[in-house]
Protein chains: 2
Amino acid sequence: MDSEYSYEYERPALTVDVVIYTIQDNELKILLIQRNTDPYKDMWAIPGGFVLKGETLEQAAARELSEETGVKDIYLEQLYSFGDPGRDPRGWVVTVAYFALISSDNLKIEADTDAKDVKWFSVYDLPRLAFDHDKILKLSLERLRAKLEYANVGFQLLPKKFTLTALQKTYEVILNKTMDKRNFRKKILSFNIIKETDEFKRDGNHRPARLFTYVEPPPSKKKH
Amino acid sequence: MDSEYSYEYERPALTVDVVIYTIQDNELKILLIQRNTDPYKDMWAIPGGFVLKGETLEQAAARELSEETGVKDIYLEQLYSFGDPGRDPRGWVVTVAYFALISSDNLKIEADTDAKDVKWFSVYDLPRLAFDHDKILKLSLERLRAKLEYANVGFQLLPKKFTLTALQKTYEVILNKTMDKRNFRKKILSFNIIKETDEFKRDGNHRPARLFTYVEPPPSKKKH
DNA sequence: TCAAAAGTGTTGTGTGTACACCCATGT
DNA sequence: ACATGGGTGTACACACAACACTTTTGA
């Protein structure tokens, strides 16, 4: 990008793709769109679209996200960029992949958009995906799992107030393994990132569960 | 990237930038190029260049790397993509940043290219950088440090055969802190990723140091 | 009173950290 | 013999894993 800067170089089309995660029915789900045009017609794809001149990559991803789900102010993180020459049969298309975590209770409106060609799929039961979207998805899931261990991620998938059991279920569906209730609570509480409220969730014929909220950790050194 | 696919969207220029790390004189250094043309003329920049049609992003980064340093088969990892509208005053330029780790003993030829406008700088003593390259650099350093803790990175900065002290020095300059010799050795050896050779490095008037080599861990579960 | 989920502690095991001395060599 | 870096072990604190029973509610 130096002295020989010029317009003689051919430019790729630039898109963003967003893997949108949520928790529904105790399952980890992602939003997919069924294609209705020719390359990979009828196959399912991760939502995405062109980056417009004048916007940042993140803005493009946030715009795409809100177009598909109607929600804004969502946890959004850049994942990786994919640019292999053959990845789109229509030509040279480079995509910057993001992943988003959205709380199930933000989905009221859009939860029943199965009228359209948009659907939530369990990540453990996916259709074949168009383009290299299986690669993108796989990477996003690995990243999500990794972040769950070191970072304060996971709360973004839950309502503001949540029970510890709900949080544990969230971890369990993402990591796809069961955890010990006592150890889980001990660990989470030791991080000092959630605070108990004096509200309870009454749910059925059993003891009500206390609701907690996520609190940004103080400006200390370590995250965790 | 859907039904409305077309060429009506304006396309950005696409570049790769590569933060090239090495260890020299017990310091962590990166390669910078002094610009001789107008935007940011005379300032220093991370090496980079246009992605050519038909190559992968990684190939573009590897090409750029070998053009600058003359070395190939180097540890290369995609870092992040930067596309803020204002980042290049000449127009819309999106860059995919990579970082590379290269062993000091691969640098014989190029070590003295200070004849040119190319120079190795200690990461702790950098000039002002062009574009948003300070951001790229900062992120790459964070990533390098993080990987040092969970992944088998670090060996790429050393010759095939190295002493444990050299490895520890590598960790120390990257993390910018001193470490305990006994604990360091215990930890590294427990990972079973290095193997002792029966060669020694004779260095001065002191006991020779055993040389070790990195061995790919067996296909077990955990990395570390 | 029963079913169903919420909530709660202790113990053992392993991992990270702090710390000081002898060893092999060249001069 | 001495200076220089190479090489080694132990004790303590802390994090993680395994494990079972009581509590509160609605029906």
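Derivation of every value follows stated rules applied to the coordinates shown; laboratory data play no part. Model, not experiment: these values are computed from the prediction. Using ideal geometry, Cβ is built from the backbone for each residue, glycine included, and neighbour counts are taken over all protein chains shown.
Of A:Arg185, A:Arg145, A:Arg202, which is the most mobile in a GNM of chain A whose springs link Cα atoms less than 10 angstrom apart? Of A:Arg185, A:Arg145, A:Arg202, the Gaussian network model singles out A:Arg202 as fluctuating most. In this assembly of identical copies, the label point of A:Tyr9 (Cα plus 7 Å along Cα-to-Cβ) is separated from its counterparts by 2.0 nm, sorted shortest first. Taking A:Thr170, A:Thr15, A:Thr197 in turn, the Gaussian network model of chain A (Cα-Cα springs below 10 Å) assigns the largest fluctuation to A:Thr197.
When chain B is treated as a GNM with alpha-carbon contacts under 10 Å, the residue of B:Ile46, B:Ile33, B:Ile20 showing the greatest mean-square fluctuation is B:Ile33.
For chain B, what is the calculated [θ] at 222 nm in deg cm²/dmol (nearest 500), taking -39500 (n - 2.57) for each run of four or more DSSP H residues and dividing by its residue count? Walk me through the numbers on the way to the answer.
Working: 4 runs with 53 residues, N = 224.
Calculated mean residue ellipticity at 222 nm is -7500 deg cm²/dmol.
Kirkwood radius and radius of gyration were both taken over the C-alpha atoms of the stretch B:38-130, and their ratio Rg/Rh is 0.96.
Return the ratio Rg/(2.2 N^0.38 Å) for the protein assembly as shown, where Rg is computed over Cα atoms only.
Numbers: Rg = 24.7 Å, N = 448, 2.2 N^0.38 = 22.4 Å.
Against the compact-globule rule of thumb, the ratio is 1.10.
For the stretch B:9-78, the convex hull drawn through the C-alpha positions has a volume of 126 cubic angstrom per residue.
Each copy carries B:Glu172; placing its label point 7 Å along the C-beta direction from Cα gives inter-copy distances of 4.8 nm, listed from smallest up. Between copies, the label points at A:Ser66 (set 7 angstrom from Cα along Cα-to-Cβ) are spaced 4.6 nm, reported in nanometres from shortest to longest.
A simple spin-label model places the labels of B:Asp25 and A:Tyr150 3.2 nm from each other, with each point 7 Å out along Cα-to-Cβ.
Looking at chain B, I'd like the Rg to Rh ratio, where Rg is from alpha-carbon atoms and Rh is Kirkwood's inverse mean 1/r.
Details: Rg = 19.8 Å, Rh = 19.3 Å.
Across chain B, the Cα-based Rg/Rh ratio is 1.03.
The modelled label-to-label distance between B:Glu8 and A:Tyr9, using points 7 Å beyond Cα along the C-beta direction, is 2.8 nm. Please give the FRET efficiency for A:Asp180 paired with B:Leu126, using the beta carbon to beta carbon distance and R0 = 60 Å, rounded to the nearest 0.05. Calculated value: 0.80. For the residue pairs A:Lys135/B:Lys41; A:Lys161/B:Lys135; B:Lys160/B:Lys181; A:Lys41/B:Lys147; A:Lys177/B:Lys195; A:Lys41/B:Lys135, the alpha carbons lie more than 31 Å apart in A:Lys135/B:Lys41; A:Lys161/B:Lys135; A:Lys41/B:Lys147; A:Lys177/B:Lys195; A:Lys41/B:Lys135.
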